[in-house]
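Everything below concerns the one structure shown next.
Read the figures in this text as sums done on the coordinates, not as results from a lab. Everything numeric here is computed off the predicted structure, so don't read it as measured data. Neighbour counts are summed over all protein chains in view; Cβ atoms, including those assigned to glycine, are modelled from backbone coordinates with ideal geometry.
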């Protein structure tokens, strides 16, 4: 599982967060998307890495400014090893 974090400028309300989440979920095969106007980012969980330029274009087509994209292997929190 891959966790991708993309910086997003221009989200001012919960509707903005919903628009970003919906745009990403419609365009890519993802497990989960969380957008935060306070953190100015969207966090995406997917089985495979998302193409950075395509992700940024998707956000910009939704009317927001996309910034840096960071991808890393997702490690589930709270795992105790048994």
Go through region 9-56 and report how many residues are assigned to a helix (DSSP H, G or I), surrounded by 12 or more Cβ atoms within 10 Å (Cβ to Cβ) and in contact with a helix residue (DSSP H, G or I) (Cβ under 9 Å, 6 or more places away or on another chain). 5
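Would you check which residues across region 57-73 are crowded, with 16+ Cβ neighbours inside 10 Å and more than 16 Å from residue 14 (Cα to Cα) and list them?
So the first thing to find is which residues in region 57-73 are crowded, with 16+ Cβ neighbours inside 10 Å, and the list is 58-59, 62, 64, 66, 69, 71.
Once the filter is applied, which keeps residues that are crowded, with 16+ Cβ neighbours inside 10 Å and more than 16 Å from residue 14 (Cα to Cα), region 57-73 yields 58, 66, 69, 71.
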Working only within region 44-63, note down all residues that are without any contact (Cβ under 8 Å) to a residue 24 or more places away in the chain and in contact with a strand residue (DSSP E or B) (Cβ under 7 Å, 6 or more places away or on another chain). 52, 60
